[in-house]
Amino acid sequence: MVRPCFLVIDREYSGSISTRKLVIETAKFNVITAYSAQEALETLDMYPRIHGVVLDSGIRDMLCCDLVAGIKARQPKLPVIVISSPGTHECDGADYQLETFEPARLLNLLQSLVPVEAAEIERRNEQLNQIMP
């Protein structure tokens, strides 16, 4: 089985890694992380076979809508999920918009994008639970 892989574009903070990355990895999905818009676009060029993008709308080096346009110019059908703060404007061009970061909602959405793979991961988890009580 090839596990789904998502590109997470998150704001960078000194001494920490992306919380979104950790949450997505709990679902046993693979994650590639970019901490700037430019890095995200270069990463997408390098790894074009990802299954979707999770984007923090507060990315600092480019307007969210411009980054989404850059992603869609490269891969028009690639799902883009934008996570924004309550009350902020929507990010034009995004396929999905989540207000606030709710891990369960994000994971449910990602699983809905790759239902066959998500079901296979869940079956494998159940097998592992039977082997290891």
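Read the figures in this text as sums done on the coordinates, not as results from a lab. Keep in mind it's a predicted model, so treat the numbers as computed, not measured. With ideal geometry, Cβ positions are generated from the backbone for all residues, glycine too; neighbour counts draw on all protein chains shown.
A few notes on this one:
- Taking amide H atoms as placed 1.01 Å from N in the peptide plane, the amide H of L98 lies under 5 Å from those of V82, I83, S84, each 5 or more residues away in sequence or on another chain.
- Sequence-distant residues sharing a close amide H with V8 (under 5 Å, placed H): I32, T33, A34, V54
- Percentage relative contact order, the chain, counting C-alpha pairs under 8 Å, at least six apart: 22 percent
- Furthest towards positive pole of dipole, F29, L110, Q127, structure part the chain, Cβ charges: Q127
- Taken about its Cα centre, the chain carries a charge dipole of roughly 360 debye when the Cβ of each Lys and Arg holds +1 and the Cβ of each Asp and Glu holds -1.
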